[in-house]
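The values are calculated or read from the model by the stated rules, or taken from the named source; none is laboratory data. Please read these numbers as outputs of a predicted model, since none were measured by experiment. Methodologically, a virtual Cβ is constructed for each residue, glycine included, from the backbone with ideal geometry; neighbour enumeration extends over all protein chains shown.
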């Protein structure tokens with residue numbers, strides 16, 4: 001197991017804030033919109049640098065999505081900012097008609113995704129957003145794993161033409177990816193090469209997968225760990241190549257089991273190479289209030305859950 | 001430019017002929033609201049807008065138009081074709097398979113003149129405000145126009161946009177509401193009352209004008225007046241009173257022709273009432 005260490009922990013939303021500022025410096029057409037959550041989205045640095053390129057929308061997410069679509073007419077590259085719940089479920093039809101079907105170059109940037117926003121509870125903990133967004137034709141869906149990757153992804157989507165859903169979160173987590181990484185949309189990142197099982201992880205679950213890989217190594221299991229930061233378009237070649245070698249799969253995500261990364265992988269495999277797969281995901285339920293780590297443990301989204309899923313799927317493979 | 005009211009009226013009659021023929025040909029579509037707004041579309045595309053039929057999406061240096069109540073697409077397609085955005089004969093593909101002339105306006109198939117999809121109601125005002133903000137950021141001093149149905153005002157997103165535009169002094173925006181008092185299930189007063197629209201929009205901070213949308217002279221005068229009131233700190237709202245189905249006597253003033261196509265006999269009766277100097281597609 002390749003060794004990953006960290007000297008600092010940060011929230012991925014801060015990576016977004018830093019990436020937005022960098023993208024704004026690089027391209028004068030980058031504009032930002034926010035629905036009354038500037039602090040939560042870490043947009044202050046961009047606003048300070050480019051006050052005329054920031055639009056405070058108020059608590060009007062539907063209007064924000066429509067205005068973002070309109071801003072692209074005239075060449076602007078709008079980044080919308082609010083919580084993941086209000087970035088997707090609340091405005092699904094606006095995104096569908098005015099952005100996705102209309103092929104507008106809008107970057108939908110969503111913080112506080114999943115269970116790990118913690119104490120606010122299920123009204124704010126969306127676990128269906130990846131599913132909703134990946135079902136839209138032409139939508140790119142990205143869920144980076146740490147501060148550095150979120151910053152790099154934010155800069156990368158500014159250069160990319162087309163609608164993007166960028167999902168990140170609130171909790172402070174280890175920074176373990178390269179600060180100077182090149183973020184290639186749609187290209188999976190090999191975290192650790194192994195031969196016994198393929199662990200495909202996204203977002204906050206990537207670090208948990210690394211912790212799980214270390215525990216599995218102690219148990220004599222050589223896990224391949226791949227970071228799927230781009231859920232759509234899925235890096236099909238990387239998934240198929242890994243599975244051809246290992247013969248079994250664990251998918252890991254902070255999302256409902258239905259409609260997330262695991263389903264994308266299962267659908268790819270069933271068409272090409274049917275393979276035993278276990279899901280580390282929320283089992284079709286809503287979340288609840290609690291501390292992020294408590295929630296990740298209770299809903300079986302931590303490294304112990306990944307270890308258990310690996311043991312289960314390897315047993316299935318041997319049958 | 002002094003408007004030629006007679007010529008505009010003649011074009012509007014041709015637009016009405018196009019509408020009833022298109023809807024008849026595919027036996028679907030929305031003739032009522034389309035006929036009611038034929039004069040508006042004609043005034044806009046043949047008198048008001050500075051626009052370029054060699055379409056480009058950004059529309060830099062041009063006035064932009066957004067149709068928010070996308071179901072009255074037939075009227076829009078007619079003026080787009082007749083002002084040179086695409087061939088007039090393409091109107092015959094309206095609502096048919098493998099056509100760019102979709103039931104509701106779409107950018108997906110690259111029909112020139114369309115900048116955003118509409119159909120699901122209430123979204124066009126927000127999109128237009130975004131485009132107006134882009135014009136301001138780009139130092140582009142042309143205007144953005146929108147059209148909405150009165151029933152559409154029952155969508156909540158409209159009122160989010162209604163709050164935003166005056167607060168942010170989006171004064172390069174001229175919106176129009178087609179006040180025909182009808183929606184699918186009946187008169188708006190019975191389905192869900194809109195109340196005093198003039199007072200409502202004024203209270204939100206808009207510069208509100210009213211006009212008769214089926215009197216070309218009054219309509220053109222109002223649109224010209226609206227243009228003269230742009231860039232004065234407020235977005236502009238025109239309450240345009242129309243007859244649903246205007247120009248075809250048996251379709252006028254009733255919600256029953258919101259989304260029903262005429263049969264052969266009704267088509268002949270309608271066309272007999274609509275005579276103009278130009279040619280059908």
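Considering only residues that are within 21 Å of the chain's Cα centre (by Cα), outside any helix (DSSP H, G or I) and either more than 19 Å from residue B:38 (Cβ to Cβ) or free of Cβ contacts under 8 Å to residues at least 60 places away in the same chain (or both), which ones fall in segment B:225-238?
Within segment B:225-238, B:229, B:230, B:235, B:236, B:237 meet the criteria.
Is it fair to say residue A:59 is modelled with pLDDT of 95 or more, in a loop (DSSP other than H, G, I, E, B) and either within 14 Å of chain B (Cβ to nearest Cβ) or over 18 Å from residue B:126 (Cβ atoms) (or both)? It is true that residue A:59 is modelled with pLDDT of 95 or more, in a loop (DSSP other than H, G, I, E, B) and either within 14 Å of chain B (Cβ to nearest Cβ) or over 18 Å from residue B:126 (Cβ atoms) (or both). Please tell me if residue A:103 is in a loop (DSSP other than H, G, I, E, B), touching a residue at least 24 places away in the same chain (Cβ under 8 Å) and within 12 Å of chain B (Cβ to nearest Cβ). Spelling it out, residue A:103 is indeed in a loop (DSSP other than H, G, I, E, B), touching a residue at least 24 places away in the same chain (Cβ under 8 Å) and within 12 Å of chain B (Cβ to nearest Cβ). Cβ-Cβ contacts under 6 Å between residues 6 or more apart (or on different chains), taken from a first residue in segment A:48-62 that is without any contact (Cβ under 8 Å) to a residue 40 or more places away in the chain and in the same structural domain as residue A:35 (by TED's automatic domain parsing) to a second residue that is crowded, with 16+ Cβ neighbours inside 10 Å and part of a strand (DSSP E or B), are listed as A:53/A:31; A:54/A:32; A:55/A:33; A:57/A:33; A:61/A:82. Take segment B:198-224 and flag every residue that is assigned to a helix (DSSP H, G or I) and under 18 Å from the mean Cα position of the chain (by Cα). Result: B:216, B:217, B:218, B:219, B:220, B:221, B:222, B:223, B:224. Looking only at segment B:257-281, count every residue that is more than 20 Å from the chain's Cα centre (by Cα) and not in a loop (DSSP other than H, G, I, E, B) and tell me the total. Count: 9. When segment A:65-96 is filtered for residues that are in a helix (DSSP H, G or I), facing another protein chain (nearest Cβ under 8 Å) and buried (at least 24 other Cβ atoms within 10 Å of the Cβ), the ones remaining, listed by number, are A:65, A:66, A:67, A:68, A:69, A:70, A:71, A:94. For segment A:14-52, a residue qualifies if it is in contact with a helix residue (DSSP H, G or I) (Cβ under 9 Å, 6 or more places away or on another chain) and within 14 Å of chain B (Cβ to nearest Cβ), and the qualifying residues are A:24, A:27, A:28, A:29, A:30, A:31, A:32, A:33, A:34, A:35, A:50, A:52. Of all residues in segment A:15-41, those satisfying the criterion of being in contact (Cβ under 8 Å) with a residue 60 or more places away in the chain and either surrounded by 23 or more Cβ atoms within 10 Å (Cβ to Cβ) or touching a strand residue (DSSP E or B) at 6+ places or on another chain (Cβ under 9 Å) (or both) are A:15, A:16, A:19, A:20, A:23, A:27, A:30, A:37, A:40, A:41.
Applying the set (1) surrounded by fewer than 21 Cβ atoms within 10 Å (Cβ to Cβ); (2) under 20 Å from residue A:306 (Cβ atoms) to residue A:264 leaves exactly one unmet item: (1). State whether one or more residues within segment A:115-134 are within 13 Å of another protein chain (Cβ to nearest Cβ), under 23 Å from residue A:230 (Cα atoms) and touching a helix residue (DSSP H, G or I) at 6+ places or on another chain (Cβ under 6 Å). No - not one qualifying residue is present in segment A:115-134.
Do you know which residues across segment B:141-183 are part of a helix (DSSP H, G or I) and within 12 Å of residue B:125 (Cβ to Cβ)? If the condition is that a residue be part of a helix (DSSP H, G or I) and within 12 Å of residue B:125 (Cβ to Cβ), then B:152, B:153, B:156, B:157, B:158, B:159, B:160, B:161, B:162, B:163, B:164, B:165 are the ones that fit. Return yes or no: is residue B:66 under 24 Å from residue A:106 (Cα atoms), within 14 Å of another protein chain (Cβ to nearest Cβ) and under 16 Å from the mean Cα position of the chain (by Cα)? It is true that residue B:66 is under 24 Å from residue A:106 (Cα atoms), within 14 Å of another protein chain (Cβ to nearest Cβ) and under 16 Å from the mean Cα position of the chain (by Cα). Scanning segment B:124-140 for residues that are assigned to a loop (DSSP other than H, G, I, E, B) and facing chain A (nearest Cβ under 8 Å) yields B:138, B:140.
Scanning segment A:28-56 for residues that are in a loop (DSSP other than H, G, I, E, B) and within 24 Å of the chain's Cα centre (by Cα) yields A:35, A:36, A:37, A:38, A:39, A:40, A:41, A:42, A:43.
So if I check each of B:121, B:153, B:80, B:163, which one is within 13 Å of chain A (Cβ to nearest Cβ) and either closer than 29 Å to residue B:277 by Cα or more than 14 Å from the chain's Cα centre (by Cα) (or both)? The unique qualifying residue is B:163. With away from every other protein chain (no Cβ under 14 Å), surrounded by 20 or more Cβ atoms within 10 Å (Cβ to Cβ) and over 23 Å from residue B:225 (Cα atoms) as the only criterion, which of B:36, B:29 stands out? Among B:36, B:29, only B:29 is away from every other protein chain (no Cβ under 14 Å), surrounded by 20 or more Cβ atoms within 10 Å (Cβ to Cβ) and over 23 Å from residue B:225 (Cα atoms). Out of the residues in segment B:48-61 meeting the condition of being touching a residue at least 60 places away in the same chain (Cβ under 8 Å) and farther than 20 Å from residue A:103 by Cβ, tell me which one is farthest from the other protein chains (Cβ to nearest Cβ). Result: B:48.
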